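To start, the structure itself, in structure tokens.
The values are calculated or read from the model by the stated rules, or taken from the named source; none is laboratory data. Just so we're clear, the structure is a prediction, and the values are computed from it rather than from any experiment. Please note: Cβ atoms are built from the backbone with ideal geometry, for glycine as well, and neighbour counts cover all protein chains shown.
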Amino acid sequence: MRGLLGAALVTATLLSAPAKAADEGRLAPEMVRLDNGLTLVVVANPRMPAVAHFVFYKAGSIDEPSGKSGIAHFLEHLMFKGTPTVPDGAYSRVIARNGGRDNAFTTYDYTGYYQLVPAEKLPLVMEMEADRMANLAFTEPQLESERRVVLEERFSRTDNSPAALLREQTRAAFFLNHPYRLPVIGWEHEIRGLGYADARAFYERWYAPNNAIVVVGGAVTMATARPIAERTYGRIAARPVPPRKVNSEPPRVSETRLEMTSDRVRQPYVSRAYMAPSIITGETEHAYPLEVLATIMGSGVSSRLNRALVLDHSLAVSAGAGYDSAQIGPATFNVFATPRQDVPPAAVEAALGAEIERVRKDGVSEAEVARAVRRIQDSTIYAKDSLSGPARIVGSTLAIGLPVEEVDAWPQRIGAVDVAAVNAAARFIFREENAITSVLLPKGGKGS
Amino acid sequence: MLRPLARPTGAVLALLWLAFLCLAAAAVAAPARAAVERVVSPGGIEAWLLSDRSLPILAVSMSFRGGDAQDAPGKEGTADLMAQVMTEGAGELDAEAFRARLEDLATSLSVSAGRDSVEVSFRTLTRYRGDSLALLREALAAPRFDADAIDRARERQLSGLARAQTSPGEIARDVWWRVAFPNHAYGRPAAGTAASVKAIGADDLRAAWRAQVARDTLKIGVVGDIDAATLGPLLDALLAGVPAKAALRPVPDVVAAGAGDVVVVRRRQSQSVVVFGAPGLRRQDPDYEAAHLVNYVLGGGGFSARLMREVRERGGLAYSVSTGLGTLESTAILQGNVATANGAVAQSIALVRQELGRMAAEGPTEDELADAKVAVVDSFPLNLDSTSRIASFLVAIQRDGLGIDYMEKRAERFRRVTPAEARRVAARLLDPTKLLFVVVGEPESLNPTRPPPDPQ
């Protein structure tokens, strides 16, 4: 019954689709560097009279001194505690009063702050963001009160969820040396020990204009944004920023397995991660092929894992795979499944292993690669259908150290992946000693 | 991050305003104001359309009356399963073929059940429009309800229920609804229980689909790369196989109960999760705009709200605290939540009661009211940044009966609220003695007024 509605409509042939997708999805960012070293990028997208204004600092939890886990995120909270001209708590209120909204995020690799505002408010948010880049003023009592907020955030996100606790423990067990082993929010006992001097030192070390990337997306042009950036951010003097530590992993010699049993669990969960190169670290030539492999194995109904575990053998209610190449350090290639209630998790774990082994030994097909490539390319068009999305994509690309051209090169890079490259990447990462398996089990449940 | 990122969640569509929205072709230097059109197909089907040719994307949102409140007692979860299985095989295509086809067409299609509605969300690229709309048509008019697809959906639902039993937030919400709406459809478990989900068969799903997916309750919003002349005939083709009339059970009007009660579900965890609520005020109420502004100042305005200031910033008691107004077909509520250390639950509850009482007695200050107006009016278009969001907004304003000129009138409706009016509506809406609190955790020095309901 397909195509009944399509008769009168234009449907492009599949052959011409990828090239068209690449073109339509282009974000076309424009980049300049101010005299003080600050990077300014504009991603024009004049669909609505608003802008998304982001600042990314090239500092994240991987840049924390040892014993100070959570300080990057703690500082992110303290950035809302005011400056000599903006009182404590007023930051978000001023943004709201001007018809905007704001928030911030901390990741392993970078920290970001953003405001979404009507386009004519860009000078205001640049002024305020530049102000706290240079003049942050928080006090000990504010820090003590905010410590309780951060702890409550940790309890909400992590401690109240057995699955999140297991994820945290899994990373800690998997990365032998890289700071990716530490939770971004910090270990509870270390959050309790963070002090004024720690937050201040992190701020002074990393929050310099020459370590910042400002991205403005939406109804804006470089001609408008640049002069505003120059008279706000441009006034802040550059200062030396230390090179970021380069961390690397030693060779792994043994497969790792983690099993967590809890009376707070009713639904078991099985996952396995393989250490993998990222776009920056390790054998980077495998990065794009691994993106394609993740789609083939774990995205969609006809993916290898869904077909094997969910459709054909009725072992799991869901199964998938994930890989994100956009990391400074090593990446992980993950496969995961939620067992059906009547199936022992061990059977699901075995089936995941069998699918990995099948891909490693027999490889994937040319048809699978072609389909995955086209799906990934098609999806890039949707990135523009958002106010903040394009700015965030551009900012995070630059923040991990990639050139800005890589943003729009993505569809071509994916298009260049062939079946030989996917199979070589699969053989490279799917090694026993390269894996960690983690299993979440209910107390009294069926383990392996 | 080179790939499209997940969009931030949490937009409350009922809060949106479209007059500010200026979608325009990327080539146009000064964006022109876009207008929502009422499109009526040759066959008489109505849709509200915002045409935007700047991206090759088309989004369609649909809403039918029905949903969880229609589930038969003992078969709770029927609407959820029915909605899921509608996209698991239709017409000549089985589940795998149907979903693989959607994926090949870069199209997302989801059907989900709300408490009072069945919601359809569809998004595609212009170049796949014909083929992908044909799939939507099949999902609406000819879902297969194959046994294997039902089995998978049932297992997913059971898995979700098992997970929800271990999530403090889910437990708290579930208990709140059960205590607030005893002997009413809203008090029954919306997603079902293990027993009720296992009792649902193919006939139940087929019957629910026949009863609920019908043209007489349907609201449609269309946004993106299409014009009115093209859309009209497409609507007829799209809905040709959908029956004209729904067959819904009546859901009686109800008011939230449990005034003054504190229910504690004891569970070992470092932090307690608290859900609280009371009767609210409907979207169609003439006082709604004033109530919305009052709620913004009290707990709806994020970091601008009094509760956030008292509980998080001054007290350091919680990561977040918020309140919101919700309208269903048969009731209206004011609901809020806070997650806080076990030792601070009593203090947080006292602060919530105190701030609610203070707002009821004094209303917002003139400055607070003025700030709330700017925030509510000017920040509105930020929620409408994607074709899909605008499409579901167009459906929401139809559902709420606000009229196609609502977008032009919205700003004025908020701006004209006077401080005296805000005070009167605050007193009408807010009463700390009406609040029902549900706490999940190990709260200290807090006396429950009644035991929790038996686990389901």
Kindly indicate whether A:Pro330 is within 24 Å of B:Gln157 (Cβ to Cβ), at pLDDT 95 or above and touching a strand residue (DSSP E or B) at 6+ places or on another chain (Cβ under 8 Å). no
Exactly one condition in (1) farther than 27 Å from B:Asp385 by Cβ; (2) outside any helix (DSSP H, G or I); (3) within 9 Å of chain B (Cβ to nearest Cβ); (4) not hydroxyl-bearing (Ser, Thr, Tyr) is not met by A:Asn177; state its number. (3)
Being surrounded by fewer than 20 Cβ atoms within 10 Å (Cβ to Cβ) and in a helix (DSSP H, G or I) is the filter here, so list the residues in region B:407-419 that pass it. B:Glu408, B:Lys409, B:Ala411, B:Glu412, B:Arg413, B:Arg415, B:Pro419
Please verify whether region B:430-441 includes one or more residues that are exposed (fewer than 15 other Cβ atoms within 10 Å of the Cβ) and either under 28 Å from the mean Cα position of the chain (by Cα) or closer than 15 Å to B:Pro286 by Cα (or both). yes
Among the residues of region B:174-227, how many are among the aliphatic types (A, V, I, L, M), touching a helix residue (DSSP H, G or I) at 6+ places or on another chain (Cβ under 9 Å) and more than 20 Å from B:Val440 (Cα to Cα)? 15
Please work out if A:Val253 is more than 26 Å from the chain's Cα centre (by Cα) and farther than 27 Å from A:Ala163 by Cβ. yes
Among the residues in region A:245-263, are any within 11 Å of another protein chain (Cβ to nearest Cβ), within 27 Å of A:Val348 (Cα to Cα) and not acidic (Asp, Glu)? yes
Inspect all residues belonging to region B:289-306 and state whether any of them is farther than 19 Å from A:Ala96 by Cβ, touching a helix residue (DSSP H, G or I) at 6+ places or on another chain (Cβ under 9 Å) and modelled with pLDDT of 95 or more. no
Criterion violated by A:Ala420 - all others in (1) within 26 Å of the chain's Cα centre (by Cα); (2) outside any loop (DSSP other than H, G, I, E, B); (3) at pLDDT 95 or above; (4) over 30 Å from A:Ser262 (Cβ atoms) satisfied: (1)
Note down all Cβ pairs under 8 Å where the first residue falls in region B:331-342 and is farther than 10 Å from B:Phe276 by Cβ and within 11 Å of chain A (Cβ to nearest Cβ), the second is of a type in the set (D, E, K, R) and surrounded by fewer than 22 Cβ atoms within 10 Å (Cβ to Cβ), and they're at least six residues apart or on different chains. B:Ala341/A:Arg148; B:Asn342/B:Glu442; B:Asn342/B:Glu444
Is it fair to say B:Ala164 is touching an Asp or Glu at 6+ places or on another chain (Cβ under 9 Å), surrounded by fewer than 22 Cβ atoms within 10 Å (Cβ to Cβ) and at pLDDT below 95? yes
When both residues are 6+ apart or on different chains and their Cβ atoms are under 8 Å apart, which pairs have a first residue that lies in region B:122-141 and is under 21 Å from B:Ile390 (Cα atoms), and a second that is among the aromatic types (Phe, Trp, Tyr) and in a helix (DSSP H, G or I)? B:Arg123/A:Tyr382
Please work out which residue is nearest to B:Gly258 (Cα to Cα), limiting yourself to region B:145-194 and to residues that are in a loop (DSSP other than H, G, I, E, B) and within 19 Å of the chain's Cα centre (by Cα). B:Phe181
Boolean, B:Ser108 is within 13 Å of chain A (Cβ to nearest Cβ), polar (S, T, N, Q) and closer than 28 Å to B:Ile390 by Cα: yes
Being in contact with a helix residue (DSSP H, G or I) (Cβ under 9 Å, 6 or more places away or on another chain), surrounded by fewer than 23 Cβ atoms within 10 Å (Cβ to Cβ) and either farther than 23 Å from A:Arg235 by Cβ or not β-branched (Val, Ile, Thr) (or both) narrows A:Ala44, A:Ala59, A:Ala72, A:Ala52 down to just A:Ala44
Assuming A:Ser156 fulfils every condition listed in (1) small (Gly, Ala, Ser); (2) facing chain B (nearest Cβ under 8 Å); (3) surrounded by fewer than 19 Cβ atoms within 10 Å (Cβ to Cβ) apart from one, which condition is it? (3)
Go through region A:80-121 and count every residue that is in contact (Cβ under 8 Å) with a residue 60 or more places away in the chain, hydrophobic (A, V, I, L, M, F, W, C) and in contact with a helix residue (DSSP H, G or I) (Cβ under 6 Å, 6 or more places away or on another chain). 2
In region A:48-79, residue farthest from A:Ala137 (Cα to Cα) [restricted to those that are touching a strand residue (DSSP E or B) at 6+ places or on another chain (Cβ under 8 Å) and assigned to a loop (DSSP other than H, G, I, E, B)]: A:Met48
Matching residues, region B:188-206, being surrounded by fewer than 17 Cβ atoms within 10 Å (Cβ to Cβ) and either farther than 21 Å from A:Val317 by Cβ or touching a Ser or Thr at 6+ places or on another chain (Cβ under 7 Å) (or both): B:Asp203, B:Arg206
Some residue of region A:280-291 being touching a residue at least 24 places away in the same chain (Cβ under 8 Å), of a type in the set (Asp, Glu) and either touching a Leu at 6+ places or on another chain (Cβ under 7 Å) or outside the structural domain of A:Ala409 (by TED's automatic domain parsing) (or both): no
Residue that is farthest from B:Leu248 (Cα to Cα) [pool: residues in region B:55-108 that are part of a strand (DSSP E or B) and hydroxyl-bearing (Ser, Thr, Tyr)]: B:Ser108
When you go through A:Val149, A:Val125 one by one, which is the residue that is among the β-branched types (Val, Ile, Thr), surrounded by fewer than 21 Cβ atoms within 10 Å (Cβ to Cβ), in contact with a strand residue (DSSP E or B) (Cβ under 9 Å, 6 or more places away or on another chain) and within 14 Å of another protein chain (Cβ to nearest Cβ)? A:Val149
